[in-house]
Each structure stands twice: as structure tokens, then as C-alpha cells.
Amino acid sequence: MLKSTLFLLLSAALGSAMAQGPATPQGAAPALAAAPASCPALLNQNFKRLQDEAPQNLCQYAGKVVLVVNTASYCGYTKQYEGLEKLYAKYGPRGLVVLGFPSNDFKQEAESAKEIADLCYNTYGVKFPMFAKTVVSGPNANPLHASLAKQTGKEPKWNFTKYLIGRDAKVIEYFPSKVAPEDAQLVSKIEAAL
């Protein structure tokens, strides 16, 4: 009888302590649980990273200004990698991220991820996030590009098409391939969004 009474008292005390939460040092405020950041539907998608095919959720870029670019290794616009990297280096600390999506939609992308990565990282010094080769136009477009095309009414017509997305995950503007990364109209839109 004494054992069962003792057990009930200990159980009640333990249950009360657990309900109050973990003990905090005297004078310290209890830690608040971090609220999960909300992720807009446009960015709530997974893509494989170019260099190792590790899955990445684009929610990590929520709240940033995002420049989405479909890329190719053997295109007249391939040198735009240099300008894209300069944009990323200059404006990245202020909240810009450039996301590169290699695509063979226009028959100008390398066959293997290794070739694409070698060109990006070793030839052009790309440090912005690059993803595995994907489809960016037509009925088989990846979900991000399908959403961007739906929002703008314009899908990529060629390599190095750019979509500028604001911190609120709404598309600010579509830029065709011929608009270089250093073009004043693109730079002014980025600066305004930051």
C-alpha cells in the first residue's frame, strides 16, 4: 500500500513538472519555439543540386529577391554566367539569389551533370545555386517554370531567359535572353526589389 501511494505521488509530481516544461536557470526566460517560416507555393518545390544531386527545397530562398535563369553550356549567351555571378556577388549580401536551371530544351546543353558543373564552376566561377538539368518549357516543364509561365504568360523561348521574383514570391518581370545581367533595365528592377 505504501509503495503504491508513493508511486502515485511521484507520478503526479513528475506529470506536473513535465506540464510546466523544462526548467530554466533562475532569471532566464523560457525559450520560445521557433515558428516555422511560411513558404510561398511558388517556392515550395524540390530540385536536385547540380554538383551532387542532393535534393534542395526552394523554401530556403523565401523572403529573398530571386532571379531564375534557364542556362545552357553551348549557347551564344553562355557568357552571361559571368554577369549573373557578378550580380550575385554584388547583390547577394542585400538579399538577391540567382538560381540556375540547366536545360537542353534548345539542344545546347552538355550531356552530363559533370560537364555542366565543370563549365559553371571552373570556367565561369559560378557560386550561385545551380540545379540538375531540367525541362523549362512546354507540357513537361518543371513545376517552377510552369508556374512562372502561367503567371507571366511567357515561357522561355531560348536559353538564359530570366524571371525576377520579389521577396513576396510574386513575379516582378520576365526578361528574354537578349537582356544581359548587367543591362540597366534588369539591374534597376533588382535594386528596386531589394
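The values are calculated or read from the model by the stated rules, or taken from the named source; none is laboratory data. For clarity, every value in this text was computed on a predicted model and none was experimentally measured. All Cβ positions, even for glycine, are placed from backbone atoms using ideal geometry, and neighbour counts span all protein chains on display.
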| field | Checklist (1) part of a loop (DSSP other than H, G, I, E, B); (2) within 19 Å of LYS157 (Cβ to Cβ); (3) not polar (S, T, N, Q) applied to VAL69, failing item | value | (1)
| query | Since GLU182 meets every condition but one in (1) modelled with pLDDT of 95 or more; (2) in contact with a strand residue (DSSP E or B) (Cβ under 8 Å, 6 or more places away or on another chain), which condition does it not meet? | reply | (2)
| Out of all the residues in the range 52-84, which are more than 13 Å from PHE160 (Cβ to Cβ) and either crowded, with 16+ Cβ neighbours inside 10 Å or hydrophobic (A, V, I, L, M, F, W, C) (or both)? | ALA54, GLN56, LEU58, CYS59, TYR61, ALA62, GLY63, LYS64, VAL65, VAL66
| Restricting the search to the range 48-65, which residues are under 9 Å from the mean Cα position of the chain (by Cα), among the hydrophobic types (A, V, I, L, M, F, W, C) and over 19 Å from GLN151 (Cα atoms)? | none
| request: Please enumerate the residues belonging to the range 80-106 that are farther than 12 Å from VAL126 by Cβ and among the basic types (Lys, Arg). | output: LYS90, ARG94
| task | Evaluate the following for LYS150: is it out of contact with any Pro (no Cβ under 9 Å at 6 or more places or on another chain) and either modelled with pLDDT of 95 or more or surrounded by fewer than 18 Cβ atoms within 10 Å (Cβ to Cβ) (or both)? | result | yes
| query | If you go through the range 114-163, how many residues are among the hydrophobic types (A, V, I, L, M, F, W, C), more than 24 Å from PRO55 (Cβ to Cβ) and touching a helix residue (DSSP H, G or I) at 6+ places or on another chain (Cβ under 8 Å)? | reply | 1
| message | Testing ALA72 on (1) at pLDDT 95 or above; (2) among the aliphatic types (A, V, I, L, M); (3) more than 23 Å from ILE190 (Cβ to Cβ), one condition comes back false. Which one is that? | response | (3)
| query | Which condition number does PHE131 fail, the rest of (1) on the phi > 0 side of the Ramachandran plot; (2) surrounded by 15 or more Cβ atoms within 10 Å (Cβ to Cβ) being met? | reply | (1)
| query | If we keep just the residues of the range 87-105 that are in contact (Cβ under 8 Å) with a residue 40 or more places away in the chain and touching a Lys or Arg at 6+ places or on another chain (Cβ under 9 Å), which is surrounded by the most Cβ atoms within 10 Å (Cβ to Cβ)? | reply | PRO102
| query | Taking only pairs six or more apart or across chains, which ones have beta-carbon atoms under 9 Å, a first residue in the range 147-159 that is under 19 Å from GLN80 (Cα atoms) and in contact (Cβ under 8 Å) with a residue 24 or more places away in the chain, and a second residue that is part of a loop (DSSP other than H, G, I, E, B) and among the acidic types (Asp, Glu)? | reply | PRO156/ASP105; TRP158/ASP105; ASN159/ASP105; ASN159/GLU109
